[in-house]
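Input: a single structure, listed below in structure tokens.
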Amino acid sequence: MAEHDKDIGYAVEDGVATITLNRPHTLNALTTDMATRLLPDLCREATEDDRVKVVVVTGAGRGFCSGADVGERIPAVIKAVDSATLERPVGAFVEAVWSIPKPVIAAVNGVAAGGGMSIACAADFRFLAESARFAPSFVRRGLMPDSGLTYLLPKLISRSLALRLMMTGETVSSAQAKEYGLADEVVPDTELTAAVRDFAAQLTRGPAVALSFTKRAVQRSDEQTLQAQLAFESWGQGICFKTQDFAEGINAFAEKREPRFEGR
């Protein structure tokens with residue numbers, strides 16, 4: 001794995017960018033530098049790199065991300081900002097993940113707590129190891145959820161269930177996550193890397209422009225009228241019509257073969 005920074009790894013292989021939170025001794029707790037600079041910068045790099053078709057976010061060791069580093073980040077945030085501006089330093093890194101216009105897979109290899117759960121929820125797909133678990137633990141510290149969890153979680157599960165988890169802080173096992181709709185796949189720990197790799201490879205073979213517009217359309221759908229969505233779809237489809245991948249899709253259909261998309 002190529003190393004971008006000692007705290008976050010970044011590597012690109014076969015069209016897949018892998019961002020690895022790399023503080024295993026803390027279950028990959030986020031420092032201020034990771035949250036405000038490194039992770040947003042890597043999300044931007046993956047967005048701008050034409051080689052990258054899919055992004056995977058995961059953690060090193062036995063954890064995905066345990067949230068903020070309570071020994072460094074939380075005291076720094078409390079000291080640096082007042083209540084009127086707290087949301088910006090706390091949650092900007094989740095917006096960076098959410099805003100990547102390419103498919104994003106969270107490979108949840110262990111505990112995803114607090115802001116770590118928010119990162120997983122900001123991804124388009126969540127593949128969980130059997131040992132993984134979600135912990136919306138803010139309330140157990142006397143805090144309301146942040147890092148976008150109040151926005152993201154109700155988009156994935158029912159409003160009442162989201163409120164229950166956030167108001168009790170109860171831990172969600174991988175099996176429960178699958179039942180609730182928080183996990184797309186749950187696999188044995190030793191099979192997580194292969195399962196994510198296979199799914200990412202499937203996505204890299206898709207028409208990249210169409211996939212990007214599909215993601216953007218779905219993300220905005222909850223906040224738009226049907227008429228607005230129809231207009232957005234028409235605009236996006238007009239761009240897709242001009243791609244080489246559309247021409248390839250039509251040719252493949254006529255020739256009764258699988259299309260070979262190149263992302264152009």
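The values are calculated or read from the model by the stated rules, or taken from the named source; none is laboratory data. This one's a predicted model, so the numbers in the text were calculated from it and none came from an experiment. A quick note on method: Cβ atoms are made from the backbone with ideal geometry, for glycine too, and the neighbour counts reach across all protein chains shown. When the accessible area is computed, the model is the full protein with side chains, heavy atoms only, and any ligands, DNA or RNA have been set aside. Shrake-Rupley method; radii C 1.70, N 1.55, O 1.52, S 1.80 Å.
Below, the figures for the structure above:
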item	result
Full-stretch length increase - Gln219, Asp189 - with 0.36 nm per residue and alpha-carbon distance subtracted	7.8 nm
Solvent-accessible area per residue for the range 187-264 (1.4 angstrom probe, square angstrom)	68 Å²
Protection proxy ranking of 113-126, 19-32, 220-233 - average other beta-carbon atoms within 10 Å, highest first	113-126, 19-32, 220-233
Rounded percent of accessible protein surface that carbon and sulfur make up, the chain, 1.4 Å probe	55 percent
Estimated 222 nm signal from helices in the chain, with DSSP H stretches of n ≥ 4 weighted -39500 (n - 2.57), rounded to 500	-13000 deg cm²/dmol
For the chain, the spread of Cα positions along each principal axis, largest first, Å	60, 43, 36
Cβ charges +1 (Lys, Arg) and -1 (Asp, Glu), total dipole of the chain, debye	420 debye
Of all DSSP beta bridges in the chain, antiparallel share, percent nearest 5	30 percent
By average C-beta atoms within 10 angstrom, highest first, the peptides 128-140, 241-253, 48-60, 194-206	128-140, 48-60, 194-206, 241-253
Projected label distance in nm at Ala252 and Ala11, using a 7 Å step from Cα toward the beta-carbon	2.8 nm
Given Lys178/Lys215; Lys102/Lys242; Lys155/Lys242; Lys6/Lys215, the pairs whose alpha carbons are separated by over 26 Å	Lys155/Lys242; Lys6/Lys215
15 Å beta-carbon shell around Gly249, net charge (K/R +1, D/E -1)	+1
